[in-house]
Every structure is written in structure tokens, then in C-alpha cells.
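Accompanying notes for the structure given below.
The values are calculated or read from the model by the stated rules, or taken from the named source; none is laboratory data. Since the model is a prediction, treat every value here as computed from it, not as a measurement. With ideal geometry, Cβ positions are generated from the backbone for all residues, glycine too; neighbour counts draw on all protein chains shown. Just the protein is used for accessible areas: all its heavy atoms, side chains included, with ligands, DNA and RNA removed. Shrake-Rupley method; radii C 1.70, N 1.55, O 1.52, S 1.80 Å.
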There are 2 protein chains.
Amino acid sequence: MDPVAAACRARAEAIYNRGMRRWELTVALDKGRPQPLFLQLATILADDIRRGRLTPGEPLPGSRELAARLGASRNTVIAAYDELVAEGLVRARQGGGTFVAEREARLDVATGSGGALGYSLGSPSPSFVLPPRAPQAGALSLVAEPDARLFPARALARAFRNALSPRILARLAHSDPRGHPTLRAGLSAMLSRTRGFALSPDFVLVTRGIVQGIDFAARALVRPGEVVAIEALGYPPAWNALRLAGARLVPVPLDSGGLDVGALEALASREQVRAVLVTPHHQFPTSAVMSPARRSRLAALAARHRFVILEDDDDHEFHYEGKPLLPIAAAAGFANAIYIGSLANLLPPGISAGFVLAPPAVLERFVGLRLASAARGDAAVERAIAELFEDGELVRHARRVRRIYASRRDALVAALERYVQGALRFSTPDGGMAIWARVDEAVDVDAWVSAGESEGVLFAPSHRFAFAGRAPPFLRLGFTSLDESELTEAARRMGRALGRLREPKRAARR
Amino acid sequence: MDPVAAACRARAEAIYNRGMRRWELTVALDKGRPQPLFLQLATILADDIRRGRLTPGEPLPGSRELAARLGASRNTVIAAYDELVAEGLVRARQGGGTFVAEREARLDVATGSGGALGYSLGSPSPSFVLPPRAPQAGALSLVAEPDARLFPARALARAFRNALSPRILARLAHSDPRGHPTLRAGLSAMLSRTRGFALSPDFVLVTRGIVQGIDFAARALVRPGEVVAIEALGYPPAWNALRLAGARLVPVPLDSGGLDVGALEALASREQVRAVLVTPHHQFPTSAVMSPARRSRLAALAARHRFVILEDDDDHEFHYEGKPLLPIAAAAGFANAIYIGSLANLLPPGISAGFVLAPPAVLERFVGLRLASAARGDAAVERAIAELFEDGELVRHARRVRRIYASRRDALVAALERYVQGALRFSTPDGGMAIWARVDEAVDVDAWVSAGESEGVLFAPSHRFAFAGRAPPFLRLGFTSLDESELTEAARRMGRALGRLREPKRAARR
């Protein structure tokens, strides 16, 4: 275990122990039972000690205090404690106080309690992908995440404080089931302005992020066994949400212009496609941009075959070059498209809000799902984020990070050219958060990734994003979470890792 | 519309309009198309005006500014604006500036845009119950909600500020998919201490509230068509979550000791029961307490018929009288029980966290569902709540409100005896957040509820909680959200409303 994780664990244990002391001990005696009260009490406490609810060294309550709490006589408690001392489970210390004896090893409740289940767990649920572990201290991660350091955290803290003011709190209990009205107004303004929609807030449902938007759409629209087409390289948690709804996933190949619409057309003419999940703006993970012509062709195909386009436009705001492009749902309308986005890339990790845009008749289907996911508990977060819209913080932040990420992209391009020249082939992406680079065939991709880990740089090989588990040799190299000097250092370490791979070969040649 | 709602709406509109101005206008020109650029631009802007993306009176960007942004010549923009003036869509004002013309009525996009769907919506989803609307200003609501005014909001705001510190933020990205470890440690300590569990944090999964716990259990364990037994009077949003998983709900009668376990036994011997959703501690909505003997009988029944008890223990902490009682999952273990709770009653509205306790093998099934609901976005809220555990705020708050709610219960009992004597029969509940009172047969319950609304007091009749839609005449009268003088006033208004009902009768008798 790395030192940070160990420290966290120790801290959690300390909190656990402190918390244990703070909460009052609950003991239930039954005066109606034939067993004497002192024996009942001794039995309960012995059981608590064996089960680990009372831990070695822990003080038991004073006899007077416990007697008062139980409505029993003090002698009952003293007799119970004597019984426990006799059993060796507790000991009375000189100077007063009764403590759980040290010699009784604490049961490992994780395996000890519970034991066999008394009901069937049923068929296994679909497998899912766990989020990445934290990188080791000092490691540089080329995962494409927003840089939390750039976020105006103070403004958000202030917005939270305001959302928690008694006047606002009292109203949050009755927030709209589609999401906080102020946030929906802010979102529809932002999306109308920057992405070419003509939206009323009635088209906006607040979610907790991209994946929940996909989850809602899948559960509301897809029946078990129906076909949902996906991009052959994509985001595994999104596939997980589709699978949980019972969708049969069929991968469609990609090219440098994103989803191969011709291949989708062939699929749609073979069998009934219910939906396609697509990332046209910056394809995930390849960062490919789908042209307006191909977007229209996809919209026309959906209209012809009556399927729905789930347009996942996660990092729309990070477009650096060329003409702005309209989302499919903005250009072709909502007749065959549901637009799924999030603010995750504008917010720090651990805070999230997303949105789904669709006609009210469709969103109505999502409201029940949103309520079942306990959406009312989101109102304070939504209110706080809405304030960041209102006072312009989020707009300023978006403009600022777009500029910064564009420079970082250029810095990573330059550093890769300097340190790993020849091993990678790529073009500079017009937008998004990562470079998608083809690895030279002479290089073992997985060996490079492992050697990188030893050198303190983390990056992802293409097969992690491949529906089939296999993919041509590419790397996804995110440039948003590290600053320019860190990116340069990361590329230098990639180069060193590459050198390690080559050395043994050279050595063997001699 | 009431004045508060109107003010909120006006505010949302103002934010929308301000937001509209702030975000940059995105216009996509295509230099490859045969149409001249000025005509393309005019067409796009005309369309934007007709669709309501640009609103009457709104200024268009200056021609120099827009030209620079589009990479076009200024003459192109001027020609486009002239075209729009000619169409009557915009007008140039003396003194400079071009504005969207007022006479073009804004389209009601909620119905105008989108139009017919190009895909089938499928069979209608199960109906759901919307959360209650905010009461009119000045009305007193006897809904059983926690009193937000008592919450240590300043401590929570401080905890949020700490959670948003850069050092902590950076770690939140890699939080455990079962919930923030510190919160899970705090929860397991609290539950071990106050509810008789012997828990390691491995048995704890963080949710966003009771309903999400039920949603996870239903989706992970219940296959479509399987029987889930429910209490004949209960919480409709919980039923909604079960229905969304495809459960066939079968109501089981209640008596003054909660769920009638004999009736459940009869059901279980007739057909395969997969699960029972039960609120043994303070039955919702009747506040009935299930005896330890009946709890064991239920646990034994579950073991014999291999079904799972979904033990919903929402307001456990609010028990005022008699011996503490162990939850079924604490007394009988987790072999046939999943324990579902929340902190909602200890937190203000708009903030939420809940928990599910079950053996790790069961919780594993929930992790995929939690990830699909975008759980990673909860880490900051979880971290903030964990701090309230850590510094003892939540413990102090729980003790404090328990004492206050006990007095409020007594105050409401006294006020009801004073103002509506004869019309209600009830016993003082040992715990929970509401009195469940039988209405005298001579009184028309729904008429009383409506008359109460006119008098400025809101309370719920039994049929709102009845699975069958009908129920014997009872009222649920919550005593937690109002202070003692407000409760007295609420009872006085109930009495006045009752008087209104009786007056016409008296008048008729004369």
C-alpha cells in the first residue's frame, strides 16, 4: 500500500474509533424474559465483545451511568461486569473503570459476520469497470481529466455557503423534479448561446453526469435484448449503463472522421437498431471530429430507420481550431436525437452535474428514474452550481481553461516530438482533452505502459477502450490535467521508458 | 401562481437573458458551400431569431467583432445585417447597434421545436408521485420533514469549504466506488454504537438516500415479475423504485404492531416471495413500532422461505420512549436482511446521503449500479458530511433534535386535544416524526383537508399512502418541521377548518 493510502486508512480507523466512543451504547434489556437482568446484560456485552462491537482496551460505561440509562439498578450492572470479569472478557483497572480485555482478538467481521446468504443472489450482474486508482505520489498521469488546480474553488465554496443559507435551504425541499430551475435556466442559456440550440428550460433535465444521462435514456427507452449500436472504441462505463438496461451492444467501426456511418447503415438494414451511442464532436477516445456532412447523414439514417441518436458531447467546450460545429441535435433537431452532456469538465472532481436535452414528452420518462435515484438530495449542489452560472464564474472559467488547454496540447505535441520521436505518429487534435497516437509496430505497447509506470508516468493503451478488448496499437495521451512543464517531464519519462525497452534488445544484439 | 413562484420565475428569466448575453454566439459558416457567406450568415441569424435563440430587443454583435470571430470580412457581416433589416427581422438603431426586431413574436419552443418524435417511446413507464409542492407563504405544513432551521448550516458550509481545498479535491477523483472511505468509517461507527450492529466499513455502501438504496436492491436482486411484498400503507416513491425494476408488488395488511407477519406468511406459502420491504422501527406512515418478538418471527419466516427483508429504517434516531430496539439486521444478522437507511433526517433538504448495509458479496452487485448513477460526483458532498461525523457535529445535532422533536410531539398532542378534541383518536407515538390519528366517522376527511388548506394548514389523509388508493380515515400529522407555537397555531387552524365543515350542517339543522 502506498504511504498516502496507508495514512488515509489510519485516519479512517482513528475516526472510527473516536466515533465509536462518541455514540451512546445501545443495549436492549427485556424485563419480561425469565433470565435475570444482570445475565441478560452480561450476555449482550459478551456478544458485543466477541463480535467486535466493543474493542479491546475500550472503556465500558460507568456502572451508575449505564444503570441510569437502562432503568436498571446499579447492582445489576455491577453483577454483569463481575460476570464478564470472571469470563475474562473485561478487566477492572486499579484506579477505577472497566475495560474490554486485550487478549480477546477482534473478529474479522468482514468475513465472520453474515456468513452464508439465506437467499439467492440470482444471475451475476454485468461486469463493470472500476474507476482508476490514484496514481502513486510523484507519478505524472496522462489521463484526460480536468485540472482541479485551475478551478475557482473559492467561488464554489462561497456558492455552497449561500445555498446553505436558511432562506434558500427552506426552498430546496420543493425543487423541481427535473432539477433546480435556476440551473436549468443557466444551462439552457449557455447551450443556446454556445452550441446553436434554441432551447427553453423545458427541454433541460439535470443529471449527475454523462453516464447517468445514458442510464436514464437506456432504462426509459431500451427494452432487454434491443440492439444499441456503439462505437468500437469508447467509454466502458457508458457501455455498462447500457448493459444494465439489458441492451444488446453491437460495435460499429471508426475511422478518422469518427463513427463509420456506412457501417451503421449496413447494420440498421440487417436488424432493428433501437439507438446509437455516438460522440461526434470529439470522439472518445480518439478525439476524431465528425464532419457536418457525416452528422447530417447520421441524422437522416436515424430518421429513416426510426432509431434514436444518443449524442454524447462530453467535452464540447474544448474545441481549439477551425469552425465551430453544431451538435446533431442542434442542427437536425430533437426528432431523432437526445443530447447528453455534462459540466464535469468545468467542475472539480467530486462535484458533478450533467444534463439531458430532449422534448418534454421524452424527459417526462426520465423524471421517475431521477426521483428513484434520490435526486432531491442534489438541490443544494445544483443551486450552488447555478450561482456560478449566474455570476459568470463558469463562463470565465470555461474561456480560461480552453485557452490553457490549447497551449498544453501544443506543449505535449512539442514534447512528444522531442522525446519519443519515431515511436508515435499522430496529428494534433482540433479539440478534446487527449492526443490519440499510433505506436510504431516495433514497440510493445503494454511493455511501454509498464515501463512508463516504473518511470513515473501513466498513460493508457488503446485496448482499454476497445469493446472487443483488442485494438490496433494506439496510446491516449491526455494533456489537460498537467501543466506545460509537467507535460514535458511526462514525455521525457515516456522517452526514458522507451529507452528501457530498447536497451535489452541492443544488449542482445552485441 | 403564488408570488414566490412568480418571483423565482422572473429571476430565472433574468438569469437566462443575462446568460444569453454572456456566452459567445456560435455561428458556423462553411466557406466550401456555393452560397455566399453573407447569405449563409443571414440565413443562420434569421433562423436563430425565428427559433427564439435570439430574442426581441437583443443586440447583435458589432460587425467588426463578429467578422473577427468568424474570420470573415466586415463587409460580409454588414451585408448580412442589411439583408436581415430588409426582411424586418432586425433593426438598426440611431446612435449605432443592430437589434432583434420587437415585432417578431418568440416561438414557444416547448411545443414548437422538436415536434413529432422519429422513434417510438415504447410502453409507458410506471407512474410516479411528484414531490409535494412548496406550501403557500404563511401556510403551516404538518408534513413530517426535518426542521431545516435547526441544522448547523455554518458547520456544513465550513466542511464544504474544506472539501473543496485543492489538496482534498485532487484526491476526490479517486474515491472508493462504495463511497468516501471516511464517511463509510463514520457511518459504521455510528451504526455500531447506536443500533447494535457489529460492522466493518466493508458492509457499508453510501447511497444518496433511502429510495436509492431500495432502487439498488430491487435492480440487483429482483427480476421482472418477481413478487415483492410491501406494507399496505407505505411510501409511494419506494414502490416506484420497486416497480421500475419490474417487481410485482403485493400489499400486506398492517396492524398496531406494524406489518402483519401472519398475513405475509400466508402469502409466502401461496407463492414465491422474493423480498419484503418493511419499516419495522417506525412504520411509515403509521409510526407503529414492531415488537422484538414479531421482528424475530419475520426474520425466521424470511430464512424459511429464502426471501430477503429490505429493512427501511429511515428515522431510527427519533425514538423517544421505552427500550431501544435492535434492527432486524442487527439482531438476526445479514443472512436474510439488507438494511437501508439515510442521513436525510439529520441533514437539511437539498443535501442527502444514505447507506445500505449488507455483506460485501451483495454490495458488490450494487457498485455497478452506483457507478451508473454517476456516483463519483458525490465525493465532495460525502467528504463534507464525513467531516461533520468526525468533528461530532452530526452526533450533537442528532441528540439535540431528538430532544426538540420529543417536546414538539408532546406540544402537538396537547394542541390537538385542545383544538380538535373529539374529531381525532390517537395514541402518542413512541418515536418517528408524525402522529397517526383516526378521524371520527362523522367527519369528511377530504373536506377537512381542503378546508385546512383554506385556513392555512396542510396535512395528509391516509389514502395518499395507501397502495390500494383507499384506506380507513386517518390523518398523518408531522410534528418535526414546526416549532411548538407553530404547531399550536396549526392545530388551531385545523380546529377552525373543522368548524367550517360543521357550520353548514348546523345551519341546515335550524
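Structure notes:
- Of all the numbered requirements in (1) surrounded by 14 or more Cβ atoms within 10 Å (Cβ to Cβ); (2) over 30 Å from A:ALA358 (Cβ atoms); (3) at pLDDT below 85, B:ARG51 misses one, and that requirement is (2).
- Residues located in the stretch B:31-48, provided they are open to solvent by 10 Å² or more (accessible area, probe 1.4 Å) and outside any loop (DSSP other than H, G, I, E, B): B:LEU37, B:PHE38, B:LEU39, B:THR43, B:ILE44, B:ASP47
- Tally of residues being more than 30 Å from B:PRO181 (Cβ to Cβ) and surrounded by 22 or more Cβ atoms within 10 Å (Cβ to Cβ) across the stretch B:384-407: 1
- Here B:GLY138 meets each of (1) more than 8 Å from chain A (Cβ to nearest Cβ); (2) surrounded by 17 or more Cβ atoms within 10 Å (Cβ to Cβ); (3) at pLDDT 85 or above; (4) under 47 Å from the mean Cα position of the chain (by Cα) with one exception, condition (2).
- Test result for A:VAL278, under 26 Å from the mean Cα position of the chain (by Cα), open to solvent by 20 Å² or more (accessible area, probe 1.4 Å) and not charged (D, E, K, R): no
- Residue in the stretch B:481-501 that is part of a helix (DSSP H, G or I), more than 30 Å from B:ALA148 (Cα to Cα) and open to solvent by 80 Å² or more (accessible area, probe 1.4 Å) present: yes
- Filter result for B:VAL273 (in contact with a Lys or Arg (Cβ under 6 Å, 6 or more places away or on another chain) and either farther than 18 Å from B:PHE334 by Cβ or open to solvent by less than 30 Å² (accessible area, probe 1.4 Å) (or both)): no
A quick yes/no check of all residues on (1) within 27 Å of the chain's Cα centre (by Cα); (2) surrounded by 14 or more Cβ atoms within 10 Å (Cβ to Cβ); (3) among the aliphatic types (A, V, I, L, M):
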{"site": "B:GLN421", "(1), (2), (3)": "no, no, no"}
{"site": "B:SER427", "(1), (2), (3)": "no, no, no"}
{"site": "B:ASP430", "(1), (2), (3)": "yes, yes, no"}
{"site": "B:ALA434", "(1), (2), (3)": "yes, yes, yes"}
{"site": "B:ARG438", "(1), (2), (3)": "no, yes, no"}
{"site": "B:GLY452", "(1), (2), (3)": "yes, yes, no"}
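- Residue within the stretch A:457-479 that is among the β-branched types (Val, Ile, Thr) and surrounded by fewer than 22 Cβ atoms within 10 Å (Cβ to Cβ) present: no
- Among the residues of the stretch B:81-102, none qualifies, meaning not one is under 30 Å from B:ARG248 (Cα atoms), among the β-branched types (Val, Ile, Thr) and at pLDDT below 85.
- Any chance A:ALA330 is more than 30 Å from A:ARG154 (Cα to Cα), surrounded by fewer than 24 Cβ atoms within 10 Å (Cβ to Cβ) and small (Gly, Ala, Ser): no
- Looking only at the stretch A:202-229, and only at residues there that are within 7 Å of chain B (Cβ to nearest Cβ) and free of Cβ contacts under 8 Å to residues at least 60 places away in the same chain, the one that is farthest from the chain's Cα centre (by Cα): A:ARG223
- In the condition set (1) part of a loop (DSSP other than H, G, I, E, B); (2) more than 14 Å from every other protein chain (Cβ to nearest Cβ), B:ARG409 is compliant with all but (1).
- Note on the stretch B:173-265: enclosed strands (runs of 3 or more DSSP E) holding 2 or more residues that are modelled with pLDDT of 95 or more and farther than 28 Å from A:ASP48 by Cβ are B:227-231, B:248-252.
- Selection within the stretch B:291-327 - acidic (Asp, Glu) and open to solvent by less than 60 Å² (accessible area, probe 1.4 Å): B:GLU311, B:ASP312, B:ASP313, B:ASP314, B:ASP315, B:GLU317
- Only one entry of A:LEU249, A:LEU244 meets the criterion of being farther than 26 Å from A:ILE435 by Cβ and either among the acidic types (Asp, Glu) or within 14 Å of another protein chain (Cβ to nearest Cβ) (or both), and that entry is A:LEU244.
- Contacts under 6 angstrom Cβ, first residue in the stretch B:299-325 being under 18 Å from B:GLY341 (Cα atoms), partner among the hydrophobic types (A, V, I, L, M, F, W, C) and surrounded by fewer than 23 Cβ atoms within 10 Å (Cβ to Cβ), 6 or more apart: B:GLU317/B:ALA398; B:PRO324/A:ALA28
- Of all residues in the stretch B:351-367 being more than 20 Å from the chain's Cα centre (by Cα) and surrounded by 24 or more Cβ atoms within 10 Å (Cβ to Cβ), the one that is nearest to A:ALA116 (Cα to Cα): B:ALA358
- Of the criteria (1) surrounded by 14 or more Cβ atoms within 10 Å (Cβ to Cβ); (2) more than 8 Å from chain B (Cβ to nearest Cβ); (3) at pLDDT 65 or above, which one A:ARG64 fails: (1)
- Residue among B:SER373, B:SER352 that alone is facing chain A (nearest Cβ under 7 Å), touching a Ser or Thr at 6+ places or on another chain (Cβ under 9 Å) and within 22 Å of B:HIS316 (Cβ to Cβ): B:SER352
- All strands (runs of 3 or more DSSP E) inside the stretch A:305-403 with 2 or more residues being under 30 Å from B:ASN162 (Cβ atoms) and not hydroxyl-bearing (Ser, Thr, Tyr): A:354-357
- Tabulated pairs, the stretch B:142-164, first within 8 Å of another protein chain (Cβ to nearest Cβ) and free of Cβ contacts under 8 Å to residues at least 24 places away in the same chain, second outside any loop (DSSP other than H, G, I, E, B) and open to solvent by less than 50 Å² (accessible area, probe 1.4 Å), C-beta under 8 angstrom, 6+ apart or interchain: B:ALA157/A:ALA157; B:ALA157/A:PHE160; B:ARG161/A:ALA157; B:ARG161/A:PHE160
- Against the numbered list (1) within 14 Å of chain B (Cβ to nearest Cβ); (2) under 25 Å from B:ALA332 (Cβ atoms), A:PRO59 comes up short only at (2).
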